[in-house]
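The values are calculated or read from the model by the stated rules, or taken from the named source; none is laboratory data. Source: prediction; values computed, not measured. When we count neighbours, we look across all protein chains shown, and the Cβ atoms used for this are built from the backbone with ideal geometry, even at glycine. For the accessible areas, the whole protein counts, side chains as well, though only heavy atoms, and no ligand, DNA or RNA atoms are used. Shrake-Rupley method; radii C 1.70, N 1.55, O 1.52, S 1.80 Å.
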Amino acid sequence: MLVTTRYEVSRKVTEEDAILFLQTNGLLTRNPPNCATCNRVTTLIKKSATSDNRYWRCPTHKSVKVPLRRGSFFEHQCLPLRKIVELLLLWAFKEPILNSTGLTGVSENSVLQWYGFFRDICSWWLLNNPYQIGGPGLTVEIDESLVAKRKNNVGRVAEQRWVFGGVCRETGQGFLVVVDNDRSAARLLPLIQEHIAPGSTIHSDGWAAYNGIANLPVQPPYQHLVVNHTANFVDPQTGACTNTIECYWKNCKRRFKSMLGVHSSQLESHLDEFMWRELYGKTHQEALRHIILHLSQWYPV
C-alpha cells in the first residue's frame, strides 16, 4: 500500500508510485505497445522535464507516441496521476472534501468532481449487479424516511424527498430507493417485489400501502408482520419490529450529516455510494480494494 494513514497521502505518493499502483491493479496498461511503423517495443518517457504526463515512444521513430493514459479511465483527465490516486485513497477513507483539498492541494471543485466519479463507479456496479435481500427463513424490515426537510419549520426550504428502504436482519444487506412523494401501494409494492426475495418474512409499520404485501404474486409467498408504533416498538404477539431498518437509516443520515448535507440532485448517487459501501466497503481497506476492482471491470485496459 502506498500510505499507512490518510494524513501521509501528499507526502508519500509520487508519480512513479501512482503509475505502478495503477498498472498493478489493471487501471493502466503495463505492456508497452509496439511501434506501428517498425514494430519495435516502445519505451515510457516523460512528455517534458516539467510535465507529469508519460507516453510510449518508439526508440527509432521518435514521432510515434502513444499516451500512457490512452484507453484508460484517465485518458481525458488532466490531473496528475499521483493526485488521482491520492483522491482515490482519501475517498476510500471517507475524507471530507475540504480536508482532501488541504491534503492534496487539488481545488475543491476538482475534488468534488473526482468524488463524483467514484460514486459513478458505485452506481454502475449496483446497476449492473442487481441483488435481492432476504429469502426463506430470513427477515426483512422495510420503512420510508424523509431525507430532506426543514427543522422545526425554520431555515432554508429544502426539497422534501422520501426514500424507501429495506434491510435483512440476518445478513445486514439493504436497499434504498428514492420515491419522492409517491408512497402509494402502486409505487412501493413493485419495489418490494423487485428488491426482496420470495419467501421472506417482512416486518413493517402500519402504513396502508403495505397491506397487499402478503398477496403479491411470488413463490414462496411473503409473510407480512406489522408493528403498531403508536402502541409498541415491538409487537408483543408476533415480535414484529423495525429497529434494524431504523439503525440503517441512522447510519445513512449520519454519513450525509458528516458531509454537511447532500444536494438534492445528487441524492441518488450518494445513496448508491452508501449501499455500495455497506456491501463492499465496511472498512477503508475493503472500499479501496473493491473500488479499484470495480473500476477495472468497468474500464478494462
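Quick look at the values:
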read-out	value
Failed item, numbered, when Pro217 is tested on (1) open to solvent by less than 30 Å² (accessible area, probe 1.4 Å); (2) not in a helix (DSSP H, G or I)	(1)
Which numbered condition Pro136 fails, given (1) open to solvent by 20 Å² or more (accessible area, probe 1.4 Å); (2) assigned to a helix (DSSP H, G or I)	(2)
Pairs, first at negative phi in segment 274-301, second aliphatic (A, V, I, L, M) and assigned to a loop (DSSP other than H, G, I, E, B), C-beta under 9 Å, six or more apart	Gln285/Met1; Leu288/Met1; Ile292/Leu27; Leu295/Leu27; Ser296/Leu27; Tyr299/Leu27; Val301/Leu27; Val301/Leu28
Matching option when the condition is open to solvent by less than 30 Å² (accessible area, probe 1.4 Å), over 23 Å from the mean Cα position of the chain (by Cα) and either over 26 Å from Leu293 (Cα atoms) or modelled with pLDDT under 90 (or both), among Thr42, Thr37, Thr50	Thr42
Boolean, Val163 is modelled with pLDDT under 95, touching a Leu at 6+ places or on another chain (Cβ under 6 Å), open to solvent by less than 60 Å² (accessible area, probe 1.4 Å) and closer than 26 Å to Leu127 by Cβ	yes
Test: Thr14 is over 28 Å from Lys257 (Cβ atoms) and under 27 Å from the mean Cα position of the chain (by Cα)	yes
Criterion violated by Thr230 - all others in (1) among the hydroxyl-bearing types (Ser, Thr, Tyr); (2) under 21 Å from Val177 (Cβ atoms); (3) in a loop (DSSP other than H, G, I, E, B) satisfied	(2)
Criterion: of a type in the set (D, E, K, R), in contact with a strand residue (DSSP E or B) (Cβ under 8 Å, 6 or more places away or on another chain) and farther than 30 Å from Val167 by Cα - qualifying residue of Arg30, Arg70, Arg57	Arg57
Matching residues in segment 168-184 - criterion: being open to solvent by 40 Å² or more (accessible area, probe 1.4 Å) and closer than 23 Å to Asp235 by Cβ	Arg169, Glu170, Thr171, Arg183
Hits in segment 41-78 (condition: in contact with an Asp or Glu (Cβ under 9 Å, 6 or more places away or on another chain) and within 28 Å of Trp298 (Cβ to Cβ))	Asp52, Arg54, Pro67, Arg69
Tabulated pairs, segment 190-212, first in contact (Cβ under 8 Å) with a residue 40 or more places away in the chain and part of a helix (DSSP H, G or I), second of a type in the set (Ser, Thr, Tyr) and crowded, with 18+ Cβ neighbours inside 10 Å, C-beta under 8 angstrom, 6+ apart or interchain	Ile192/Tyr222; Tyr210/Ser204
Unmet requirement for Ser145, which otherwise passes all of (1) assigned to a strand (DSSP E or B); (2) surrounded by 22 or more Cβ atoms within 10 Å (Cβ to Cβ)	(2)
Residue that is least open to solvent (accessible area, probe 1.4 Å) [pool: residues in segment 78-106 that are more than 21 Å from the chain's Cα centre (by Cα), at pLDDT 90 or above and under 13 Å from Asn53 (Cα atoms)]	Leu81
Leading residue by the ranking (farthest from Ile19 (Cα to Cα)) among those in segment 96-119 that are free of Cβ contacts under 8 Å to residues at least 60 places away in the same chain and not in a helix (DSSP H, G or I)	Ser107
Qualifying residue in segment 202-214 (condition: hydroxyl-bearing (Ser, Thr, Tyr) and open to solvent by 30 Å² or more (accessible area, probe 1.4 Å))	no
